[in-house]
């Protein structure tokens, strides 16, 4: 389900590919959502205040293996009192970066909080937020797990989707994400020629004059391509989905080899 | 009203001043809140979804002269549909920077949205968010003004206050704020000796061995001081409140002169 038009964002945005280009796998909305939530420990929490006002506040959080966020909040704060009275809540997590934040990804995970039955949630929180160690021992602090029943992911303008709770829980954060920013910088700084070869041979832009990498994920690489027909967004897939950042280098070499063999 | 103890945060945190130190004016909570809201155009919005879930989302906003936030949102997005049905909402604005975001300032402004009566709100939004120009012409976008009736400011751990709507509206954003980060860097890089003289002569730490500037506002300068008795937070006031960043240089010179005359 898409709003504001159905553009994929990563597909060719202005100049269309010349000829047939095979479909390229990309992360599902559930995978994008899980990856975003796993990328940070800072989020905006919405709770319901006793005067009926939805209350927006800043929190830190951890994520359990199935994607449920963990909060540790004080009843001295309004959001803490709100959760005691009304368990329904949501968290918005936004991708960092430069430029307009509305051009970047964000996700809202919504559901109801509950007190965890064991110590795993608190352990996850204290691992994710070391400065909070010992805080749960204060009587005004409580540990909460948000059981997610609704997920809305926005990848940027005109790229968004609703994700089912089951798909969200089943998806895995992108294993490449922690290394993606550094790898992108390296590719763009040192391998512009290889990126151009990929754009020309594998993405339907044989007349490309420049290409830079804009995204890296477990399935492939996103490119911004310059052509005489205008700019284009393009995407090329790794030989197989990656399961670790350690595989990025070999996958990149294979992709360039494939592009040069096809040229 | 203070929670988590009543420490001012900017007062001496560990090593107490030696002897009497005059009270130093500092920004009011209302001024801190207005300054934070004026510092950015990115916030987390909380609205109420039709299933009763408080819904957290990322928005950009502008601020009217009396401090009321302006939003332009689409009914294709859940927060846009929520505002049509339920006008109560709040915005959380967080200070940027490095380190733990819970150590920095944030503010929640809560109230009810209304459609503005004239074009001033849209003009303010388009000035603050140039990429949104023309967006309000789409039929799914609406302009909203949040009439603020409740404000909660948190300056960091153990420094927080509730601000009345009248005080929030009457307060003015700190005129020095846009220049504060650059001025702090300059003072710390080039004027460590002057900062140490200020800490020794004016803040009750005559045995200080190092001082760095941590905050600059219309009323004065915050310092992190090292002493043989332990670290301390301290504050020194300008000769008179500043009304423009242009006055920072002369005020700093006067403060150093005063410190050296008192030594």
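The values are calculated or read from the model by the stated rules, or taken from the named source; none is laboratory data. Note that the coordinates shown come from a computational prediction; the quantities given were computed from them, not determined experimentally. FYI the Cβ positions are ideal-geometry reconstructions off the backbone, even for glycines, and counts take in every protein chain you see.
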Q: Examine the stretch B:179-196 for a residue that is under 24 Å from residue B:96 (Cβ atoms), without any contact (Cβ under 8 Å) to a residue 12 or more places away in the chain, outside the structural domain of residue B:98 (by TED's automatic domain parsing) and under 18 Å from the mean Cα position of the chain (by Cα), and state whether such a residue exists.
A: yes
Q.
Taking the conditions exactly as written (part of a loop (DSSP other than H, G, I, E, B) and either outside the structural domain of residue A:155 (by TED's automatic domain parsing) or over 28 Å from residue A:238 (Cα atoms) (or both)), does residue A:80 satisfy them or not?
A. no
Q: State yes or no: is residue A:93 part of a strand (DSSP E or B) and either at pLDDT 95 or above or surrounded by 22 or more Cβ atoms within 10 Å (Cβ to Cβ) (or both)?
A: yes
Q: Pull up the stretch B:42-71, narrow it to residues that are more than 19 Å from residue A:93 (Cβ to Cβ) and within 11 Å of chain A (Cβ to nearest Cβ), then point me to the one that is surrounded by the most Cβ atoms within 10 Å (Cβ to Cβ).
A: B:48
Q) Residues of the stretch A:79-89 being surrounded by 21 or more Cβ atoms within 10 Å (Cβ to Cβ) and without any contact (Cβ under 8 Å) to a residue 60 or more places away in the chain, which ones? A) A:79, A:82, A:88, A:89
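Each row is one residue, and each column tells you yes or no for (1) assigned to a loop (DSSP other than H, G, I, E, B); (2) crowded, with 16+ Cβ neighbours inside 10 Å.
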| site | (1), (2) |
| --- | --- |
| B:180 | no, yes |
| B:193 | no, no |
| B:207 | yes, no |
| B:218 | yes, yes |
| B:223 | no, yes |
| B:233 | no, yes |
| B:239 | yes, no |
| B:252 | no, yes |
Q: For residue B:109, state whether it is surrounded by 21 or more Cβ atoms within 10 Å (Cβ to Cβ), in the same structural domain as residue B:35 (by TED's automatic domain parsing), in a strand (DSSP E or B) and over 15 Å from the mean Cα position of the chain (by Cα).
A: no
Q.
I'd like to check something: does the stretch B:25-37 contain any residue that is assigned by TED's automatic domain parsing to the domain that holds residue B:81, surrounded by fewer than 22 Cβ atoms within 10 Å (Cβ to Cβ) and within 30 Å of residue B:133 (Cβ to Cβ)?
A. no
Q. Looking at this structure, is residue B:38 more than 11 Å from chain A (Cβ to nearest Cβ) and modelled with pLDDT under 95?
A. no
Q: Working only within the stretch A:80-108, note down all residues that are over 15 Å from residue A:156 (Cβ atoms) and either out of contact with any strand residue (DSSP E or B) (no Cβ under 7 Å at 6 or more places or on another chain) or more than 9 Å from chain B (Cβ to nearest Cβ) (or both).
A: A:80, A:81, A:83, A:84, A:85, A:87
Q. Would the stretch B:128-141 turn up any residue that is at pLDDT 95 or above and surrounded by fewer than 20 Cβ atoms within 10 Å (Cβ to Cβ)?
A. yes
Q: Could you please let me know if residue B:174 is assigned to a loop (DSSP other than H, G, I, E, B) and surrounded by 22 or more Cβ atoms within 10 Å (Cβ to Cβ)?
A: yes
**Q.** Hits in the stretch B:127-160 - residues which are over 29 Å from residue B:98 (Cβ atoms) and without any contact (Cβ under 8 Å) to a residue 40 or more places away in the chain
**A.** B:133, B:134, B:137, B:139, B:149
Q: Can you work out which of the residues in the stretch A:109-118 that are modelled with pLDDT of 95 or more and more than 10 Å from chain B (Cβ to nearest Cβ) is nearest to residue A:87 (Cα to Cα)?
A: A:113
Q. Got a number for residues in the stretch B:241-250 being outside any helix (DSSP H, G or I) and exposed (fewer than 13 other Cβ atoms within 10 Å of the Cβ)?
A. 2
